[in-house]
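Below is one structure, written out as structure tokens; comments come after it.
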Amino acid sequence: MRHKLSIFISFLGLTLFAALAPYQENEAPVVKIFVPQRNDGVSLDEWIPYRITITDMEDGNSEYDEITANDVVLAVQYLPDSSQVAKYLHDGESIDLDVLSWMGSSNCFTCHSAKDKLIGPSFSQIADRYNNRTDALQYLARKITNGTTGTWGNQIMPAQPDLKPDEVKMVLGWILKNSSRPDFNYVSGIEGVFRTPKKIEGKEGKGVFLLMAQYIDHGLENVPESSKKGNDTIVLQVR
Ligand code: HEC
């Protein structure tokens, strides 16, 4: 009888422990666009310094250099009228920031930027050159996977065999579609500068810039599928 009772008590204890043990879940990161501030006005064709702060329970804090800068992305969208902001953000017109996050954490921005030539051509130059080619996705996907040189100069893009072919094609489709757009720009990094568009055809320049930042965390240790994203969006008046 005593034996049975002690088994019962240990069973009860274990059940209680399981129920009370904290359910382990990855916390979503908190992303904040710290600079510029919401009330700062910006002009067309201006270099704007920016800084994003990230706090994540598992990955750490950007203030202590614990966040990988390449995993942080910022997109800048011009809208001709501030009344369009809500529609843009809620009607699915908004840009797919996950593609940008993929490019950021795949280190594409070490050598490429949206609008300006770095070591490699800008994504906007690439879009202009290949947009009308029907085999562009297959052709460029092969170049990214195998590496290339000699098309744009004598710099080298090393082979990147670890990238998933489907993801590369999806990202290329996004680059070709979005990179030449004059009303849209994107950068990666916790802090830096981005340039607002020079002149937007047919628009008065009285609109707003929408700044959209994203960070996708690394999830729980050894459980990459538990990763979560954090976002922040601010609206800046165009001066
Ligand atoms: C170490 C620097 C470096 C990295 C990292 C890099 N690239 Fe490149 N990329 C280059 C250079 C340099 C060229 C131009 C090569 C040439 O002239 O053939 C290039 C060319 C390209 C081209 C055009 C190819 C062509 O034949 O016209 C595309 C598209 C491209 N890169 C996409 C990407 C993407 C997407 C990533 C991230 C997954 C990436 N690159 C990462 C340096 C890099």
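The values are calculated or read from the model by the stated rules, or taken from the named source; none is laboratory data. For clarity, every value in this text was computed on a predicted model and none was experimentally measured. Positions of Cβ are backbone-derived with ideal geometry, glycine not excepted, and every protein chain shown enters the neighbour counts. Just so you know, the surface numbers come from the protein's heavy atoms only, side chains and all, with ligands and any DNA or RNA stripped out. Shrake-Rupley method; radii C 1.70, N 1.55, O 1.52, S 1.80 Å.
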Using a 1.4 angstrom probe on heavy atoms only, work out the carbon and sulfur share of the accessible area of segment 28-237 in %.
-> 51
If you average the sequence gap of Cα pairs under 8 Å that are 6 or more apart and divide by the length of segment 78-164, what percent do you get for the contact order?
-> 14
Which of the trypsin sites (Lys or Arg not before Pro) across segment 22-63 are loop residues per DSSP, with 16 or fewer other Cβ within 10 Å?
-> Arg38
Can you put His90, His218, His112 in order of accessible area, largest first, using a 1.4 Å probe?
-> His90, His218, His112
Too long at a 21 Å Cα-Cα cut-off: which of Lys87/Lys115; Lys32/Lys229; Lys117/Lys177; Lys32/Lys228; Lys115/Lys228; Lys198/Lys229?
-> Lys87/Lys115; Lys115/Lys228; Lys198/Lys229
Output for segment 88-131: chymotrypsin sites (Phe, Trp or Tyr not before Pro) sitting in coil per DSSP, at most 15 other Cβ within 10 Å, listed by number, reads none
Quick one: accessible area per residue over segment 28-237, 1.4 Å probe, rounded to a whole number of Å²?
-> 53
Selection of GluC sites (Glu not before Pro), segment 135-239, meeting DSSP coil and at most 10 other Cβ within 10 Å | Glu201, Glu204, Glu221
Which helices count as membrane-span-like in the chain under these terms: full DSSP H, at least 24 Å along the axis by C-alpha, Kyte-Doolittle mean of -0.5 or more?
-> 2-20
Among Asp59, Asp166, Asp128, determine the one that fluctuates most according to a GNM of the chain built with springs between C-alpha atoms less than 10 Å apart.
-> Asp166
Relative contact order for the chain, counting Cα pairs under 8 Å that sit 6 or more residues apart, in percent | 33
Cα-based Debye curve of segment 107-199 sampled at q = 0.18, 0.19, 0.20 Å⁻¹ gives log₁₀ I(q)/I(0) of -0.86, -0.96, -1.06
Which FRET efficiency value, to the nearest 0.05, is calculated for Val35 and Asn146 with the Förster distance at 45 angstrom and r the Cβ-Cβ distance?
-> 0.70
GNM flexibility winner over the chain from Pro80, Pro165, Pro197 (Cα, springs under 10 Å) = Pro165
Note, Trp174: beta-carbon cut-off 14 Å, +1 each Lys/Arg, -1 each Asp/Glu, net -1
